[in-house]
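Inspection log for the structure reproduced underneath, given as structure tokens.
The values are calculated or read from the model by the stated rules, or taken from the named source; none is laboratory data. Computed from a predicted structure; not experimentally measured. In this analysis, Cβ positions are derived from the backbone assuming ideal geometry, glycine residues included, and neighbour counts consider all displayed protein chains. Surface accessibility is based on the protein's heavy atoms, side chains included, excluding ligands, DNA and RNA. Shrake-Rupley method; radii C 1.70, N 1.55, O 1.52, S 1.80 Å.
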Amino acid sequence: MLKKMMALSGSLLLTVGLLSGCGSSGDSDAAKEKAGGNEELKPVTINMFTASPEYTDAFNAYIEEYKKVKPNVKINLEIMQADYNTILKSKIASGSTPDVFQTTAGGDIDTYADYSADLTNEPLAAAMTDAVRANMSSSDGKVLGLPVKGNLFALIYNKDLLAKAGVTSPPKTIAEMQDAVTKLEAKGITPFANAYKEWWVWKHIFQHYVDAAAQDAGVEPKQLVSDFIAGKAKIKDYPVLYNNFFSFIDLTVKHGTDKPLERDSNAEVSDFASGKAAFMTGKGAWDEEAIKKINPDLKIGIMGYPVSDKAEQSVIITGADQALRINKDSEVAKETIEFFNWLYTSEYGKNWFSQVAKVIPPIKDAPLPDLEMPKEMESILKTSKSGDLSVNYSLDTFHQKFGELMQAYISGNMNKDQAVAEIEKAWVQLGSSQ
């Protein structure tokens, strides 16, 4: 996630020469013959602009590997965290759109459609999992982005603490969660670790309730979100949103770690990893390595949020919320697409996601990283469906405002109805670029 990464005051510019060629000597000879005898292939430079500093080493690893495949390609990799979106928009406005750039998925797929190459018929698109491909597709069905990783959003729990409290299985309904809270506190265990100082954790929780509300209404989550953006829907008309979501937040505050508005992401990870709380809210698979660095022996479980009295609505959510885009007007668009086709379809690429980047692969037939949460995800999805990544259907401008409004709610500066009214207003004003 863009906002979960540590802020960098400036940009980290990494320019790495990528050699271009072909995978075998025969292919190389054929390419040279096509280019004109033994002459070197024409030099190509690809400029990448991303907001993922935590993957710097991983990016450099596939760049080094690609040297063996394409000896005449050079990649300029610019990674910037602070003010990334502002600078990207400035680059585009000035006519200097990078050959590759990063945006959020979902609504922003359409926002940047005019600048994005159509990847629908490329091998990389065929390699994506169905959920990821949907997250990378525009409203008219074109694949316009490619993910850095797949993702997992769930309520994370400490298996040993639940067992100690006599909670024999993860709670799936509101009543079961309330019972678990009672049992945990009877053993002196704090139920919830929160990071409510962060604006982005709120959207990760809320999307589970949006999915359930849509299901109750008999519509797809994307349609429900569109109705809110259009001002046609009201939160009060969806009990899962108006009652259950706010009740869950109240529960986590009342039965959570102290001073929730002062606890950021790192503090929450520390609280959970050190055994101070049984559940960790608003997070996902990206936190496992940080948890294990603090407590290598902690047994991690994942579960859907208990959003209602219907156990079947308690599901984990998977998909991709970040997208790389290839500039359709780039002079090296063809070579850039070829590069990512290689990453998404080669044996090296299939293993790069899990073994180098250590992320959930966004492509089919790729091994999972040797981590507990992805393995639990794989097991859960054998018998259960994944929920819809409904955060993708609203822009982050809305999600940030939403988080700020929820912070005002739990601080007591707004009551529920005031927060609801402001959320609905923000959805209309900020939810879409249209």
Next on the checklist: Please verify whether residue 234 is touching an Asp or Glu at 6+ places or on another chain (Cβ under 9 Å) and open to solvent by 10 Å² or more (accessible area, probe 1.4 Å), treating the condition exactly as stated.
Outcome noted: yes
Checklist entry - For region 379-390, which residues satisfy the criterion of being assigned to a helix (DSSP H, G or I) and open to solvent by 10 Å² or more (accessible area, probe 1.4 Å)? => result 379, 380
Checklist entry - Quick one: which strands (runs of 3 or more DSSP E) sit completely within region 261-353 and have at least 2 residues that are in contact with a helix residue (DSSP H, G or I) (Cβ under 6 Å, 6 or more places away or on another chain) and either open to solvent by 10 Å² or more (accessible area, probe 1.4 Å) or over 17 Å from residue 374 (Cβ atoms) (or both)? => result 277-284
Checklist entry - Where residues in region 109-145 are of a type in the set (S, T, N, Q) and outside any loop (DSSP other than H, G, I, E, B), which of them is nearest to residue 351 (Cα to Cα)? => result 135
Next on the checklist: Restricting to region 187-224, name every residue that is farther than 17 Å from residue 314 by Cα, open to solvent by 10 Å² or more (accessible area, probe 1.4 Å) and in contact with a helix residue (DSSP H, G or I) (Cβ under 9 Å, 6 or more places away or on another chain).
Outcome noted: 187, 189, 190, 197, 198, 199, 219, 222, 223
Checklist entry - When you look at residue 148, is it assigned to a loop (DSSP other than H, G, I, E, B), open to solvent by less than 60 Å² (accessible area, probe 1.4 Å) and in contact with a Leu (Cβ under 8 Å, 6 or more places away or on another chain), yes or no? => result yes
Item to check | Flag for residue 376 being modelled with pLDDT of 90 or more and open to solvent by 50 Å² or more (accessible area, probe 1.4 Å) | outcome: no
Checklist entry - Hey, among the residues in region 105-124 that are surrounded by fewer than 21 Cβ atoms within 10 Å (Cβ to Cβ) and either touching a helix residue (DSSP H, G or I) at 6+ places or on another chain (Cβ under 7 Å) or aliphatic (A, V, I, L, M) (or both), which one's nearest to residue 321 (Cα to Cα)? => result 113
Next on the checklist: I'd like to check something: does region 173-186 contain any residue that is in contact with a Ser or Thr (Cβ under 6 Å, 6 or more places away or on another chain), open to solvent by 10 Å² or more (accessible area, probe 1.4 Å) and modelled with pLDDT of 95 or more?
Outcome noted: no
Item to check | Failed criterion for residue 166 (all others in (1) at pLDDT 95 or above; (2) at negative phi; (3) open to solvent by 20 Å² or more (accessible area, probe 1.4 Å) hold) | outcome: (2)
Checklist entry - Hey, does region 412-425 have a residue that's at pLDDT below 90 and in contact with an Asp or Glu (Cβ under 8 Å, 6 or more places away or on another chain)? => result no
Checklist entry - Would a scan of region 357-377 turn up a residue that is closer than 30 Å to residue 233 by Cα and in a helix (DSSP H, G or I)? => result no
Next on the checklist: Can you find, within region 61-86, the residue that is surrounded by the fewest Cβ atoms within 10 Å (Cβ to Cβ) among those that are out of contact with any strand residue (DSSP E or B) (no Cβ under 6 Å at 6 or more places or on another chain) and outside any loop (DSSP other than H, G, I, E, B)?
Outcome noted: 86
Checklist outcome for this item: residue 219 vs (1) β-branched (Val, Ile, Thr); (2) without any contact (Cβ under 8 Å) to a residue 12 or more places away in the chain; (3) within 16 Å of residue 424 (Cβ to Cβ): all pass except (3)
Next on the checklist: Go through region 238-247 and report how many residues are open to solvent by 10 Å² or more (accessible area, probe 1.4 Å) and without any contact (Cβ under 8 Å) to a residue 60 or more places away in the chain.
Outcome noted: 3
Next on the checklist: Suppose we keep only residues that are part of a loop (DSSP other than H, G, I, E, B) and either open to solvent by 60 Å² or more (accessible area, probe 1.4 Å) or touching a His at 6+ places or on another chain (Cβ under 7 Å) (or both) within region 413-432. Which one would you say is farthest from residue 235 (Cα to Cα)?
Outcome noted: 413
